[in-house]
Amino acid sequence: MATAAAAAGDTAQPKRSVFALALEKAPAARDTEDTILTDGFLNLCDLIIPVIESFGSAFAIVRGDISGNIERLRTRYATDPSKFSKLFSIVDDEVARGDQSHSSSCTKGLLWLKRAMEFMVQILRRLGDSPESTLSEAVNETYYATLYKFHGFFASSAFRVAFAFVPNRGPFLERVAGGSFDEQTAAEMAQFVEVFTGLLAEVHTFLDKRGLDDPCKV
């Protein structure tokens, strides 16, 4: 029994942070010409869901928004994977048909996915840059710097209520690390922030240049 237990322990895989997994998949978000690919980008966004879940019920509203927009884009991609292999081709197709302004459009879905992911990434950046900040401080300050200007009274009220239940910094970081949040995990988080910020900046530039960065509040 002891021998079997020891053998099992020897073959156990070490825990990996969500950031290490995301960095492993990040290259698949671009093709050889550095164009953002739909499937790879959405898969990378999916890998952030465990980070959102680490906030607990406080971020249920954020998780629902991100998951819904990922699914909206993935559903369109699935209708013609060859035609929509490049992320921006989905938006270009809607613009050509004049459907980009509909609330249920993939253009709106990509816009709000981008905004929600910017919110998440900036929280992580804040945590990395300010070791003394509480998670609550990082979340609230980042919200007012990112999403708040796009939210009307009811949306902003719902978010502020949810943020009252944000967990403590230590337990949150341990969850995303899959164990102890050490220097290696901190480095992985910082690297992920830089990689994903670059992708999101490219999405923002694409939408902004085409007049699709809708400033209207929801």
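The values are calculated or read from the model by the stated rules, or taken from the named source; none is laboratory data. Just so you know, these numbers come straight off a predicted model, no measurement behind them. With ideal geometry, Cβ positions are generated from the backbone for all residues, glycine too; neighbour counts draw on all protein chains shown.
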task: For L173, state whether it is more than 19 Å from C45 (Cβ to Cβ), touching a helix residue (DSSP H, G or I) at 6+ places or on another chain (Cβ under 8 Å) and modelled with pLDDT of 95 or more.
output: yes
query: Would you pick out the residues in segment 123-139 that are more than 15 Å from the chain's Cα centre (by Cα), closer than 12 Å to F163 by Cα and buried (at least 18 other Cβ atoms within 10 Å of the Cβ)?
result: L135, A138
message: Out of R97, R74, I need the residue that is farther than 19 Å from D213 by Cα and either of a type in the set (K, R) or at pLDDT 95 or above (or both). Which one?
response: R74
message: Step by step: first the residues of segment 190-218, then only those that are of a type in the set (A, V, I, L, M, F, W, C) and either in contact with a Gly (Cβ under 6 Å, 6 or more places away or on another chain) or modelled with pLDDT under 95 (or both), then the one that is surrounded by the most Cβ atoms within 10 Å (Cβ to Cβ). Which residue is that?
response: A190
- request: Go through segment 117-194 and tell me which helices (runs of 4 or more DSSP H), entirely inside it, have 2 or more residues that are of a type in the set (D, E).
  value: 135-145
field: segment 104-126, subset aliphatic (A, V, I, L, M) and touching a residue at least 60 places away in the same chain (Cβ under 8 Å), residue farthest from K86 (Cα to Cα)
entry: L124
